[in-house]
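Below is one structure, written out as structure tokens; comments come after it.
The values are calculated or read from the model by the stated rules, or taken from the named source; none is laboratory data. These figures come from a predicted structure and were not determined experimentally. In this analysis, Cβ positions are derived from the backbone assuming ideal geometry, glycine residues included, and neighbour counts consider all displayed protein chains. Areas reflect the complete protein model, heavy atoms only, side chains present, ligands, DNA and RNA absent. Shrake-Rupley method; radii C 1.70, N 1.55, O 1.52, S 1.80 Å.
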Amino acid sequence: MHTNYYFLRQLAPALTHHLVGYRVVTCFSQEKDELVVGLTNGAAEFWLKMHLSAAMPMLMLPESFHRARQNSVDLLPDLLGQEVAQVDPFPQDRVLQFRFQSGATLLLKLYSTRPNAVFRLTPEAPAELFHQRYTADAELHALPAEQIAHASGTAATPPAPDPLKAYPALGDVPLRYLRAHGYDPAPEEVKRRLIHNVIAQLEKPEAFYITKLDGRTRLTLLPVGEVEATLPATDPIGALRRFVPLLLGRKAYELELRQLRQTLEKRADEAAISAQMARRRLHALENTVATAKQQT
């Protein structure tokens, strides 16, 4: 849920508070699907590291970063020197918008498919894409601050039969939380109340949670699964900095474990089907023998 709208909604104002007045001093890539942006206010530095891979898009905020001397390529030269003015999330979306004092913008599109970074020097300038093969992203434009502010309010829950359609950015964790609290069999009024309560928690979370859910380490705004750590809701930057190294350290193990579980479940299903077929054959043979004995 670390790329979900409701987390970006918490992260964006924290980044604005921290980065106003910071200028971009470096932008480069030294690994496949990686974009690194370094900023400074003259006294301190701040790093944004984006992993823009469809397998796992991720935003990382390392406290320090050392650029490699080899296999490193400078990118987006017009981004250098830009001073941060505002960071916002796209409403009900997984796009983080950096607006600079000059009017330039950098959009981080953190989709689980086709993630990208889109830079424009001016609102009318052509888009510069990190993944140039995703040509449709050239049509992705920054949103005015007024539009973001207007759309960030809580949407009205629509009438039945599906009140969840008002909240397309919920994601799997809030849906699981709702179902664990009796959403599916509940009458319409109870469903609306459950959704309202969950949205209120997502918009003003009591804490951030690092949990294990279905064998995966997750950062959530709701206490779902096996909660390993409860982090203060006032520090989304700190929560992300704690979560990402933990996730990366467990990534290979959790992937191998899921693949092994899927293999074993597949073999168990195949064994169950074979056993059922064997029972049917045995039953048919027993009936054939019984019929033969009766005839003799």
Once the Cβ-Cβ distance between LEU248 and GLN30 is put in as r, and R0 is 22 Å, what FRET efficiency do you end up with, to the nearest 0.05? 0.85
Averaged per residue, the 1.4 Å probe accessible area of the chain, protein heavy atoms only, in Å², is roughly 55 Å²
Starting with the highest mean, order 38-47, 53-62 by the number of other Cβ atoms within 10 Å, averaged over the residues of each peptide. 53-62, 38-47
So which trypsin sites (Lys or Arg not before Pro) in segment 20-120 pass both tests, a DSSP loop state and at most 10 other Cβ atoms within 10 Å of the Cβ? LYS32, ARG67, ARG69
Taking Cα atoms, the helix 236-295 axis meets the longest principal axis of the chain at an angle in degrees (rounded to 10) of 20 degrees
Are any of the pairs LYS49/LYS165; LYS32/LYS165; LYS109/LYS204; LYS49/LYS212; LYS32/LYS266; LYS191/LYS212 more than 30 Å apart by Cα-Cα distance, and if so, which? LYS49/LYS165; LYS32/LYS165; LYS32/LYS266
Relative contact order of segment 1-99, please, whole-number percent, based on alpha carbon pairs below 8 angstrom and at least 6 residues apart. 34 percent
Highest mean first, what order results for 240-247, 279-286, 4-11 on Cβ atoms within 10 Å? 4-11, 240-247, 279-286
First compute the accessible area of the chain with a 1.4 Å probe, then give the percent of it belonging to carbon and sulfur atoms. 53 percent
